[in-house]
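The values are calculated or read from the model by the stated rules, or taken from the named source; none is laboratory data. Since we're looking at a predicted model, the values are computed, not measured. A quick note on method: Cβ atoms are made from the backbone with ideal geometry, for glycine too, and the neighbour counts reach across all protein chains shown.
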């Protein structure tokens, strides 16, 4: 890059046209009352603005800078791998265990996440690996304890520019579409939804994408605001054996949500971070195969012609989105006033969709902690879920 061009680029990046950092100085006044009560109880100081993000000067601008943030394998312990298959410690302490559908979704009644022992956490990790998503209503949960639980399951992701709860550790992220719309970051209406109101899997562009993600909603609409999850295990089992074999061993390209500047071609506009992962991946706890693509962030299949890739991906996206029997829709509303609801799901084996039917007329606010997992891999000796459970493959 010439000196003159480099100076121009530095001037452009000093304006930070691609990022929005710092603190939302007016956001705290719009916080839902239930969120304020939770934060006040657990000593979260939002008086100087909410949410917070890194200062604009600290946010990476160039693609190569962002790749360096997490570009080497870090140790990961799969907590569910050696857990009691019968989950006696977890189930024995619960008042009720409710399987919401045949293929996905379980609700645990009568337990506080903040009180779980390590043995119960391990068994919960295995349950999530088997049932994809697990729910806990009526939770009195601090953001600090939510972070601690996330750190137990794996290294907690800290986003280079995402909005956060004002804690020393930046890994408790804010999920608050109302605020994004108010600030003009998000154009959402009845006819055009956005934000998390689309099928996606979180952070699939990461070198080690998340395993267990924990969203705790502390402000929930009286009606609406549901979320839908879908199973990657069951999506794989929907495919013909010949198609399964075709996909096994192939990789796809996964892009980031945010764009950054290409240092070698700085005037070409924002570029997404891209990484390759297996289309079919094996879960380390269950050993089951899962289909690992999503419409939001999977861009192409490596080695195929563009039209071939587009046709195949469109079909695979439809397997997730059109098969209601492998989905679960969950309403977050707690049974006790003043408490919140938690969902813990495995990003390796799922997609989800936050439904915008409440249209922001009632507040919806949550805090999310994502625990990074292993580098995605495919084990040719692994089985599908139905094969492993001895179910019909027809």
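Scanning region 354-378 for residues that are surrounded by 15 or more Cβ atoms within 10 Å (Cβ to Cβ), touching a strand residue (DSSP E or B) at 6+ places or on another chain (Cβ under 7 Å) and closer than 24 Å to residue 71 by Cβ yields a count of 8.
Among the residues making up region 39-70, those that are under 21 Å from the mean Cα position of the chain (by Cα) and modelled with pLDDT of 90 or more are 51, 52. Among the residues making up region 316-344, those that are touching a helix residue (DSSP H, G or I) at 6+ places or on another chain (Cβ under 9 Å) and in a helix (DSSP H, G or I) are 316, 319, 320, 325, 326.
Considering region 245-294, the residues that are modelled with pLDDT of 95 or more and at positive phi include one that is farthest from the chain's Cα centre (by Cα), namely 249.
Check region 80-100 and report whether any residue there is touching a residue at least 60 places away in the same chain (Cβ under 8 Å) and surrounded by fewer than 18 Cβ atoms within 10 Å (Cβ to Cβ). Yes, there is a match, as at least one residue in region 80-100 is touching a residue at least 60 places away in the same chain (Cβ under 8 Å) and surrounded by fewer than 18 Cβ atoms within 10 Å (Cβ to Cβ). Based on what the data block shows, is residue 103 surrounded by 14 or more Cβ atoms within 10 Å (Cβ to Cβ) and within 23 Å of residue 287 (Cα to Cα)? Answer is yes for this residue. Here region 88-110 is the region considered, the condition is being out of contact with any helix residue (DSSP H, G or I) (no Cβ under 9 Å at 6 or more places or on another chain) and not in a loop (DSSP other than H, G, I, E, B), and the residue that is farthest from residue 341 (Cα to Cα) is 92.
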